[in-house]
Amino acid sequence: YGMVYLEAQATGLPVVAQNRDGVRDVLAPGPYPDPEDGPIALAAMLDDLLQDPDRAAIAGATARQHIATHPLIGTASKTFWNAATKLIGPSS
């Protein structure tokens, strides 16, 4: 599921996610709610970004820069396809 975070950030979208193992490894540095804060904290983060387009734009630009300087998407893609190929076979 980390590919979604990587792809969103690579296109300059801010990401709303919880601060949890694995997820924080691919997210640009920023304030993310802890899992125990639940969905209300995620909704509040999303609402903050929707109410402040300038903040959302800055968060998106920061995310894009993070991915540009920490290129995990290639590694994540390779890991995914290595696992998927074992399940579905090589592409023709």
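Probe radius 1.4 Å, ligands and nucleic acids ignored: give me the carbon and sulfur share of the accessible area of the chain as a rounded percent. Write out the running numbers ahead of the final one.
Values: 3830 of 6310 Å².
Carbon plus sulfur share of accessible area: 61 percent.
Kindly state, to the nearest 0.05, the FRET efficiency for A57 paired with W81, given R0 = 25 Å and r defined as their beta-carbon distance. The pair A57/W81 has a calculated efficiency of 0.15.
Secondary-structure-derived ellipticity at 222 nm for the chain, considering helices only, amounts to -19500 deg cm²/dmol, per-run term -39500 (n - 2.57) for DSSP H runs with n ≥ 4. Put simply, the amide H of N19, placed in the peptide plane, has neighbours under 5 Å in D34, leaving out anything fewer than 5 places away on its chain. Any idea what % of Cα-Cα pairs in the chain are farther than 19 Å? Cα-Cα pairs in the chain separated by more than 19 Å: 46 percent. Full extension of the chain segment joining E7 with L46 gains 12.2 nm, where the gain is 0.36 nm per residue of separation less the Cα-Cα distance.
The values are calculated or read from the model by the stated rules, or taken from the named source; none is laboratory data. Since the structure is predicted, the reported quantities are computational estimates derived from the model, not experimental observations. All Cβ positions, even for glycine, are placed from backbone atoms using ideal geometry, and neighbour counts span all protein chains on display. What goes into the accessible areas is simple: the full protein's heavy atoms, side chains included, and nothing from ligands, DNA or RNA. Shrake-Rupley method; radii C 1.70, N 1.55, O 1.52, S 1.80 Å.
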